[in-house]
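Written out below as C-alpha cells is the structure these notes cover.
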Amino acid sequence: MSKQFLADPVTLRSEGNKELEQSNMFDQQVKKIFSTLDQMLSSDYLSPAARAIGTRIRSKKDDLDQMTQIIRDYGEYCLMSANTVDTNEQNIIDNYAR
C-alpha cells in the first residue's frame with residue numbers, strides 16, 4: 001500500500017464549519033449553565049451542600065471555556081487547511097499552465 005496524503009477542501013470546509021457550529025452551541029450551553037448557577041447561588045434559601053456543589057461547578061468554568069476554544073480552533077484549522085490545499089493546487093496549475 002502506498003502512502004498518500006489526501007485532502008479534500010470541500011470536506012475540510014464542511015467539517016470545519018460543523019466544528020465551529022458545535023463550538024458555538026457548546027458555548028451557549030455553558031453560558032446557560034453558569035447563568036442558572038449564578039441565579040441559584042444568589043438565593044438566600046440555598047442549603048450549604050447545594051452552595052458547595054455550585055461552587056465546585058463554578059470552579060470548572062475555565063476548563064469548559066478551554067474546551068470551547070479547542071473545538072473552535074480545530075474548526076478554524078480545518079478551514080485554513082482547505083484554503084491551503086486550494087492555494088497549493090492553484091499554484092501547481094499556474095506553474096504548469098505556462
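Summary table
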| quantity | calculated |
| --- | --- |
| Counted residues, region 67-98 - those being more than 19 Å from E21 (Cβ to Cβ) and among the small types (G, A, S) | 1 |
| Verdict on N95 being more than 27 Å from the chain's Cα centre (by Cα) and in a helix (DSSP H, G or I) | yes |
| Single condition F5 does not satisfy, out of (1) over 23 Å from the mean Cα position of the chain (by Cα); (2) open to solvent by 100 Å² or more (accessible area, probe 1.4 Å); (3) in contact (Cβ under 8 Å) with a residue 12 or more places away in the chain | (3) |
| Subset of region 35-69 (residues that are surrounded by 10 or more Cβ atoms within 10 Å (Cβ to Cβ) and outside any helix (DSSP H, G or I)) | S43, L46, K60 |
| Neighbours by Cβ (under 6 Å, 6+ apart or cross-chain): first from region 14-36, over 16 Å from G54 (Cα atoms); second open to solvent by 50 Å² or more (accessible area, probe 1.4 Å) and not charged (D, E, K, R) | E19/Y74 |
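The values are calculated or read from the model by the stated rules, or taken from the named source; none is laboratory data. From a predicted model like this one, the values you see are computed outputs, not experimental measurements. Virtual Cβ from ideal backbone geometry, glycine too; neighbours counted across all protein chains shown. In case anyone asks, the SASA skips ligands and DNA or RNA and just uses the protein heavy atoms, side chains included. Shrake-Rupley method; radii C 1.70, N 1.55, O 1.52, S 1.80 Å.
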